[in-house]
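The next block holds one structure in the form of structure tokens; read it before the comments.
Since every read-out is calculated from the coordinates, none of them should be taken as a lab result. On a predicted model such as this, the values are computed, not experimentally measured, just so you know. Glycine gets a Cβ as well: all are built from the backbone with ideal geometry, and neighbour counts include every protein chain shown.
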Amino acid sequence: MTATQHPGIVVKSEIDKLGLSVTEAAAALGVSRAELHQLIRCEVGLSPEMALRLEAVIGSTVRAWLRLQADYETTLAERQRDVVTRGLRRIAPISSAR
């Protein structure tokens, strides 16, 4: 997996490995089919609550799941670096000698 992949792609892959339909996986996770469908279609981000559910049902850790989301969001932000930082300057530290 690359950092540019949305976590929903990983969730879908794990569901497929388990041989589950989206409906079955949603039931196992205790969420609606629509909620899971939005995640695996990369329409929404992976929430901490969903990460807890994934940890309990699929495995890995909540922190690993959330790291996938953070890496994805960081990659998107880095792609916009020039736009976001245009016109910004680093602030020099204030001298302690006054």
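Could you list, ordered by first residue, the pairs with Cβ atoms under 6 Å in which the first is in region 65-91 and over 18 Å from Ala51 (Cβ atoms) and the second is of a type in the set (A, V, I, L, M) and outside any helix (DSSP H, G or I), at least 6 apart or interchain?
Cβ pairs passing all conditions: Thr75/Ala3.
Name the single residue, out of those in region 71-93 being assigned to a helix (DSSP H, G or I) and of a type in the set (S, T, N, Q), that is surrounded by the fewest Cβ atoms within 10 Å (Cβ to Cβ).
Ranking the candidates gives Thr85 first.
Does any residue in region 25-53 that is free of Cβ contacts under 8 Å to residues at least 60 places away in the same chain and under 13 Å from Ile9 (Cβ atoms) come within less than 6 Å, Cβ to Cβ, of a residue that is surrounded by 17 or more Cβ atoms within 10 Å (Cβ to Cβ) and of a type outside the set (A, V, I, L, M, F, W, C) six or more places away or on a different chain, and which pairs are these?
Note: pairs meeting the criteria are Leu39/Gly8; Ile40/Gly8; Ile40/Lys12; Cys42/His6; Cys42/Gly8; Gly45/Gln69; Leu46/Pro7; Leu46/Gln69.
Which ranges mark the helices (runs of 4 or more DSSP H) fully within region 1-70 that have 1 or more residues being of a type in the set (Lys, Arg) and either surrounded by fewer than 17 Cβ atoms within 10 Å (Cβ to Cβ) or in contact with a strand residue (DSSP E or B) (Cβ under 8 Å, 6 or more places away or on another chain) (or both)?
Ranges flagged: 7-17, 33-40.
For region 26-55, which positions are farther than 18 Å from Gln69 by Cβ and either in contact with a Phe, Trp or Tyr (Cβ under 6 Å, 6 or more places away or on another chain) or hydrophobic (A, V, I, L, M, F, W, C) (or both)?
Within region 26-55, Ala26, Ala27, Ala28, Ala34 qualify.
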